[in-house]
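Reviewing the structure listed below.
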Amino acid sequence: MSDIDTANSACENMAGNLLHISNYSVETSTIDLDCLLATDVKSLDDFDLNTLRLSILKRLLQEMAVPSVLVDEKYSILLANGAFQKMIRAQVGNRQSFVSLFPLFSEANRIESTLQKVFCGKKPQLGEGRFKIGKFNLWCRMHFRCIRFSKNQFVLVQIENLSAQKKLLSVQKYKKLVQMFPVGIAEFTIDAPISYKSSGEQLLEHIMTAKLMDGNDSFARTYKLPRITDLMGLSLEKLVPSRGKAKEFFEKWIAHGFSHKAFETRLRGGPQGVRHFENTWIANVNDEHLMGLWWLKRDITEKKHQEDEMLKAQKLESLGILAGGIAHDFNNLLTGILGNISLAQMHINDPEDVRKKHELALNAVRKAQALSTQLLTFSKGGEPLTTACSVSDLLKDYTSFALRGSNVCCELNIPDDIWPIQVDQSQMNQVINNLMINAAQAMPQGGTIRVSASNVEIGMGSELPLAEGKYVRISISDSGNGIHPENLSKIFDPYFTTKESGTGLGLATAYSVMKKHRGYIGVNSRVGLGSTFFCYIPTSQVEPRKDPSEKNHLVKGSGRVLIMDDDEGIRTLAEAILSEIGYQVVTVRDGNECLKEYHAALLDDRFDVVVMDLTVPGGMGGKEAIQHLRRIDPTVKAVVSSGYSNDPIMSDYENHGFVDVLTKPYDAATLSHVLGRITASMR
């Protein structure tokens with residue numbers, strides 16, 4: 001055997017990387033235990049020299065600080081010193097297989113192969129890599145060396161535990177990388193790890209007291225500080241107080257098992273104004289215990305500004321389209337009004353012809369009123385003026401009206417037990433009317449529109465964007481050409497239309513109405529087969545009233561009425577209408593005048609009804625005046641009137657002290673019916 005030999009082999013570590021095992025140069029390849037004692041001692045007949053030699057070797061190995069294992073030719077362990085057992089945190093029995101300490105099959109095979117090479121080739125081997133020994137993953141450098149003992153051979157395995165060194169290098173690389181990262185990163189550590197199965201309150205308490213232990217300067221700069229060291233030791237609660245929305249977020253994060261959560265925050269103040277941040281929390285969980293968390297924080301202020309500018313541009317573009325459409329439609333209506341009134345003046349000597357021209361002008365005004373109502377459904381705020389309605393009555397009236405004069409018939413399928421719905425009848429009329437007209441126009445050669453209604457309960461997990469509860473589903477189906485897929489996403493956009501004579505407001509109005517009713521409208525369509533529009537409408541908790549429908553006739557009445565409106569034309573019109581049908585009328589411009597007149601009348605001839613304009617530019621409107629009136633007279637009968645039908649007070653008038661509502665524009669019949677209801681209830 002030569003004194004110096006070299007050989008190379010390779011195996012793979014746990015991560016799949018090649019683990020290089022190679023010989024290294026030594027003066028002798030094999031340690032000879034026969035050299036441990038002098039010859040004269042070996043010659044004693046009653047002295048067991050082999051036992052002594054082995055005992056000395058074991059004693060030497062046991063005293064070594066280097067983890068060492070002595071393995072025989074069957075790969076059994078003759079000795080595993082204390083340092084080795086301390087490293088793997090387990091006791092190792094004599095005659096236990098050294099290979100069995102490696103639970104991963106691939107690693108065990110390679111260790112066995114290395115031992116075989118050392119025994120057969122009698123040449124040392126060196127290997128470095130990540131191994132799983134027992135229950136622990138360790139980064140090790142293993143030295144394998146052959147030992148000759150009389151006629152027997154052993155292999156001495158000595159291990160350098162490089163885990164701490166490698167961890168330090170990894171931490172240094174990690175810190176360098178983190179410091180270079182453009183996103184703010186902070187690491188928070190909990191004082192004592194807590195089981196992630198603990199109660200939500202316990203987990204929240206530990207999370208909020210977690211201390212910032214490491215991070216990068218980018219994170220510090222989000223708090224206008226130059227170095228992360230300026231934040232070291234601060235608890236999480238100092239940076240994100242656990243109250244309000246923040247507390248809700250923490251509780252959800254805990255409830256969902258610490259899944260990665262992203263959320264946005266705002267920081268006010270400073271020369272830059274409001275700054276926006278995108279935050280991500282990542283839990284540090286080990287062995288079912290929460291150790292801490294990482295917080296990633298990115299400044300998205302510039303991104304938000306760009307999004308806002310883009311949104312403004314889109315809104316301006318939409319507003320331009322909308323304004324153009326409105327101007328076109330109103331100009332057509334105004335042409336009809338002006339033209340018919342001018343014609344009536346030309347035929348002043350022919351009363352019947354004048355009446356016809358005035359009727360045509362009134363029709364144009366009603367269309368303008370309908371267009372104004374449609375546009376108001378797009379405005380923000382306000383609730384519909386809802387009442388309990390019968391689905392059957394609603395559909396029968398509205399569907400028959402929409403199809404008058406067409407070559408299309410309607411097939412109704414409404415069960416007797418259909419639930420009542422809570423809707424603004426005027427707005428729901430627009431929805432049904434628009435859907436019926438669209439369905440009829442989709443079948444120019446004629447056909448049948450199928451209208452059905454059914455009771456539906458929406459529960460948790462529904463794919464529909466609706467709250468849990470009871471709804472009525474109304475479906476309107478045609479057998480027309482259907483809607484092309486590329487147009488399906490646009491059909492509810494204002495002024496989008498594929499018809500030459502269409503306004504593009506019908507479906508947009510329907511969508512807005514359903515949204516304000518906290519319902520939903522959708523469509524299923526196939527080209528060549530037709531379309532089905534369906535509406536989900538919230539049900540009513542009360543039964544519909546069986547009130548007779550208000551027709552266009554005037555209701556006579558009597559009593560004193562106080563009209564408050566800042567528009568002189570409306571004051572004059574209301575006074576003329578009410579005087580004509582039997583009322584005594586006093587008109588005032590604003591709330592202050594209203595209070596004076598009402599207070600003065602209490603001592604003499606009090607007012608039976610007060611009609612108040614909701615808003616008065618530069619003066620006291622009905623919203624404020626009603627509070628003063630009710631202090632003067634808690635029994636006052638006041639009606640709120642406004643052209644802003646979307647104002648919340650208009651839909652919740654009773655809670656603001658009014659007894660009824662009058663939406664502008666109104667005609668003589670509507671005004672007479674409102675006052676008739678109030679004065680009739682006083683008799």
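Calculate the dipole size of segment 227-302 relative to its Cα centre from +1 charges on Lys and Arg beta carbons and -1 charges on Asp and Glu beta carbons; express the result in debye to the nearest 20.
360
Note down the nm distance, to one decimal, between modelled labels 7 Å out along Cα→Cβ at residue 162 and at residue 251.
Spacing of the two 7 Å Cα→Cβ label points: 5.2 nm.
Residue 493's amide H: which non-local residues (gap 5+, or another chain) put their own amide H closer than 5 Å, with H modeled 1.01 Å from N in plane and none for Pro or chain starts?
Close amide H contacts, sequence-distant or interchain: none at all.
As a footprinting exposure proxy, order 410, 594 by other Cβ within 10 Å, with the fewest listed first.
In order of increasing Cβ crowding within 10 Å: 410, 594.
For the residue pair residue 523 and residue 86, what label-to-label distance in nm results when each label sits 7 Å from Cα along the Cα-to-beta-carbon direction?
About 7.9 nm, to one decimal.
How large is the dipole of segment 559-682 about the Cα centre if only Lys and Arg carry +1 and Asp and Glu carry -1, each at its Cβ, rounded to the nearest 20 debye?
Its charge dipole is roughly 300 debye.
Tell me, in nm to one decimal, what length is gained between residue 62 and residue 264 on full extension, where the rule is 0.36 nm per residue of separation less the Cα-Cα distance?
Stretched out fully, the residue 62 to residue 264 stretch lengthens by 66.8 nm.
Can you tell which of 469, 447, 492 lies farthest toward the positive end of the dipole of segment 427-495, using +1 and -1 charges on the Cβ of basic and acidic side chains (Lys, Arg; Asp, Glu)?
Among 469, 447, 492, the one farthest towards the positive end of the dipole of segment 427-495 is 447.
Which entries of 252/515; 86/132; 74/117; 245/470; 516/664; 224/297 show an alpha-carbon separation above 18 angstrom in the structure shown?
Exceeds cut-off: 252/515; 245/470; 516/664.
Kindly provide the Kirkwood hydrodynamic radius of segment 559-682 in Å, to one decimal, from all pairs of distinct alpha carbon atoms.
Evaluated over segment 559-682, this radius sits at 14.2 Å.
State the extension gain, in nm to one decimal, for the chain segment bounded by residue 470 and residue 454, taking 0.36 nm per residue of separation less the distance between their alpha-carbons.
Here the segment from residue 470 to residue 454 would lengthen by 4.7 nm.
Quick one: 298, 227, 268, fewest Cβ neighbours within 10 Å first, how do they rank?
Ordered from fewest to most neighbouring Cβ atoms within 10 Å, 298, 227, 268 come out as 268, 227, 298.
Between residue 568 and residue 604, how high is the FRET efficiency from 1/(1 + (r/R0)^6) when r is the Cβ-Cβ distance and R₀ = 25 Å? Nearest 0.05.
0.45
With label points built 7 Å along Cα→Cβ from the Cα atoms of residue 579 and residue 105, find their separation and express it in nm.
Each label point lies 7 Å from its Cα, and together they span 10.5 nm.
Multiply the residue separation of residue 633 and residue 543 by 0.36 nm, subtract the distance between their alpha-carbon atoms, and state the gained length in nm to one decimal.
Contour length minus the Cα-Cα distance gives 29.1 nm.
Stokes-Einstein diffusion coefficient for segment 387-538 at 37 °C in a medium of 0.692 mPa s, Rh from the Kirkwood formula over Cα pairs: what value in µm²/s?
The diffusion coefficient I find is 208 µm²/s.
Sorting 450, 355 on the 10 Å Cβ count, fewest up front, what's the list?
Fewest-to-most ranking of 450, 355: 355, 450.
We did not get these values from a lab; they are worked out from the coordinates using the rules stated. Because the structure is a prediction, the values reported are computed rather than measured. Ideal geometry is used to build each Cβ from the backbone, glycine not excepted, and the neighbour counts take in all protein chains shown.
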